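One structure is given below, encoded as structure tokens.
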Amino acid sequence: MTDKPFIRLGTRRSPLAMAQAVETRRRLCEAHGWHEEAVELVTVIASGDKIQDRPLADIGGKALWTRELDIWLAEGRIDAAVHSMKDVETLRPREIAIGAILPRADKADVLLGALSISALPRGAKVGTSAPRRAAQLLHARPDLEVVGIRGNVATRMAKLGAGEADATFLAAAGLERLGETGVGIRLDPEEWLPAPAQAAIGIECRSDDEQAQGYLSAIDHRDSREEVMAERALLEALGGTCHSPIAVLTRREGSEFSMTAAIYSADGAVRVRETSNFAATDLDAARALGRKLLESAPAHVTALFGAAA
């Protein structure tokens, strides 16, 4: 037992966020030989969890997942914050550092409600509020109807059961972390490209907190960090926001990456897709891929990306 925690981890209260925080605590305790009580989990209710009836892009974007935890970090109420990296803004305050990226899980999406995209009946309603998923879906099946659907895993599954949509998508990693394996049909990420940084858990801390950075460095997974930072560099070059349909798959080949990325028009009619091979630490090459995508895209597609403004 300890008199006080060595580190206070901030987390959202959703079941998936809590599962990710528990995983982070377990890894910290194993790495340092701590008892579980050495890591305190401090929960907050994020703005994104409070507002469920509108698309994220319409109510403030990714900052809705990080705002409260950022404030608590700045105020010293927590020492670190656990995030799904796909939900973390590309450009972060200088006062905040990514202390660790945990080993990345399955990057794929899972389809619920049908055996495949092609098996969906003509005109079927597919629930998603993610521009990437909507654009990829309509690119493959322009006859389908996209309906907005948000909420945690249980909420989305309930909405599907209630008939609000005929099918929907979830992240395979989220289902796995919640113990919901065997749910839905896994979509091949080579064909159905994932979101940037999907399936990666990141832990942030204050840039000037050497003690927290030291604790977190012990659980940092280098290969996963390199993947996530490359995909965030791609996002940076694109000026990607919650309105931007961006998909990317990074494969490691020794010390190099093969990165395939695609950007879409909102209706999925236009897709620009490119592959680039580069050293895993070459973030400029990832940025160059982003610029190449924009240069190849028509104006109504580049208008969806901040870098083209």
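Note on Val270 and Leu91: the model spin-label points, each 7 Å out from Cα along the C-beta direction, lie 2.4 nm apart.
Kirkwood hydrodynamic radius for segment 182-309: how many Å is it when counted over pairs of different Cα atoms?
Kirkwood radius, segment 182-309: 15.8 Å.
Summarising the strand pairing of the chain, around 70 percent of its internal DSSP beta bridges are antiparallel. As a proxy for reagent exposure, Asp188, Asp79 were ordered by neighbouring Cβ count within 10 angstrom, fewest first; the result is Asp188, Asp79.
Restricting the calculation to alpha carbons of the chain gives Rg and Dmax of 19.3, 62 angstrom.
More than 19 Å apart: what percent of Cα pairs in segment 233-308 qualify? Display every interim value, and only then the final one.
Values: 818 of 2850 pairs.
Looking at segment 233-308, the distances longer than 19 Å represent 29 percent of pairs.
Here's how it looks for Gly239: its modeled amide H is under 5 Å from those of Ala307, which are all 5 or more places away or on a different chain. The C-alpha atoms of the chain define a longest principal axis, and helix 222-238 lies at about 50 degrees to it. Taking the fewest neighbouring Cβ atoms within 10 Å as the starting point, the ordered list for Met18, Met85 is Met18, Met85.
Take the Kirkwood radius over Cα pairs of segment 109-186, plug it into Stokes-Einstein at 25 °C and 0.890 mPa s, and you get 197 µm²/s for translational diffusion. Ranked for footprinting exposure by Cβ neighbours inside 10 Å, fewest first, Arg12, Arg291 give Arg291, Arg12.
Every number in this text was worked out from the coordinates using simple rules, so none of it is lab data. In this text the structure is predicted, and so the values were computed from the model without any measurement. Here the Cβ is made from the backbone with ideal geometry for all residues, glycine too, and neighbour counts use every protein chain on show.
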